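Below you'll find the structure, written out as structure tokens, and then a few comments.
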Amino acid sequence: MIRIVIADDQRLMREGLQTILQLEEDMDVVFNAENGREAYEAAGRCRPHIVLMDVKMPVMDGVEALKLIKRDYPHIVVLMLTTFAEEKIIVDALASGANGFLLKDFAADRVVRTVRDAIAGELLLPPLVAAKLAARVASQIAYDFDEAKLSGQGLVFTDRERKIILLLVEGYTNKQIAATLFMSEGTVRNYVSVIYGKIGTNDRRAAADWLKELLLRARL
């Protein structure tokens, strides 16, 4: 049985999602939360398999609640509920461990399918969300990288490597990078290995920290 917590400050949305999901024989909505604080508390008390988390809520917003859940209960899948696709929210949520996004205007069958796919381990990025994220990555590349300074360090990165670096330093996992750039996870791993080789480390945190410092200097 898939145990589900729904968090949304709109009662109609909570009850609508509950009605859709409770029709499935293997799904059980164990708690409806009105804000992020209630969602976080329900995660510890009810131990759901998945939380459907509205982005904007009173008391505590969805991204803050996501961070707490992923810190204390990292095995719980969290899908962000949204009616829009603000770039900052997308990046903040993914960097905080979100397993994907569920648009509120999805048809009932797609809501159910999205929940099942998330439980199966897929990162869910609807086309609208993926397009916004890709646009943000592209804009960062033009701003963050200074070829002269990179050359001064003896480093040359391809366009694809630079896209991956920008996501890597923001804390994205290989799975999140793959979904963002429409690549397979295996291909991302290969690129990351090449990047590690160029900078002389195979430790992800050390690589991210080193590259972040280089990018911060490039902004000056």
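Throughout, read-outs are computed from the coordinates displayed, never taken from laboratory work. Keep in mind the model is a prediction, meaning the values are calculated, not measured. Cβ atoms come from the backbone with ideal geometry, glycine included; neighbour counts cover every protein chain shown.
Per DSSP helix of 4 or more residues, -39500 (n - 2.57); summed, then divided by the residues of the chain. What does that give at 222 nm, rounded to the nearest 500?
Working: 11 runs with 128 residues, N = 220.
Counting only the DSSP helices, I get -18000 deg cm²/dmol.
To the nearest 0.05, how large is the calculated FRET efficiency for Lys175 and Gln153 if R₀ is 35 Å and r is the Cβ-Cβ distance?
Details: r = 29 Å, r/R0 = 0.83.
Rounded to the nearest 0.05, the efficiency is 0.75.
Any idea what angle helix 62-72 forms with the longest principal axis of the chain, computed on alpha-carbon atoms, 0 to 90 degrees, nearest 10?
Computed tilt is about 80 degrees.
Would you mind ranking Tyr191, Tyr196, Tyr40 by Cβ crowding within 10 Å, fewest neighbours first? Could the numbers behind the result be given before it?
Details: Tyr191 20, Tyr196 15, Tyr40 25.
The most exposed by this proxy come first: Tyr196, Tyr191, Tyr40.
Quote the FRET efficiency, to the nearest 0.05, computed for Val30 versus Asn202 with a Förster distance R0 of 45 Å and r equal to the Cβ-Cβ distance. Before the final figure, lay out the partial values.
Numbers: r = 42 Å, r/R0 = 0.93.
E(calc), rounded to 0.05, equals 0.60.
How large is the charge dipole for the chain, taken about the Cα centre, if only the Cβ atoms of Lys, Arg (+1) and Asp, Glu (-1) carry charge, to the nearest 20 debye? List each step's numbers first, then the result.
Numbers: 29 positive and 31 negative charges, 134 e Å.
Here the chain has a charge dipole of around 640 debye.
Nothing charged except the Cβ atoms of Lys and Arg (+1) and of Asp and Glu (-1): what's the magnitude of the dipole of segment 2-124 about its Cα centre? Round to the nearest 20 debye.
On the way: 15 positive and 21 negative charges, 52 e Å.
Using only the charged Cβ atoms, the result is roughly 240 debye.
Run the numbers for Val59 and Cys46: contour at 0.36 nm per residue of separation, minus the present Cα-Cα distance, in nm.
Numbers: separation 13, 0.36 × 13 = 4.68 nm, distance 2.02 nm.
Full extension of this stretch gives 2.7 nm more.
Can you divide the C-alpha Rg of segment 1-124 by 2.2 N^0.38 Å and report the result to two decimal places? Walk me through the numbers before you get to the answer.
Values: Rg = 12.6 Å, N = 124, 2.2 N^0.38 = 13.7 Å.
The reported ratio for this selection is 0.92.
Could you state the angle between the C-alpha long axis of helix 108-119 and the longest principal axis of the C-alpha atoms of the chain, as a value from 0 to 90 degrees rounded to the nearest 10?
Helix 108-119 sits roughly 60 degrees off the main axis of the chain.
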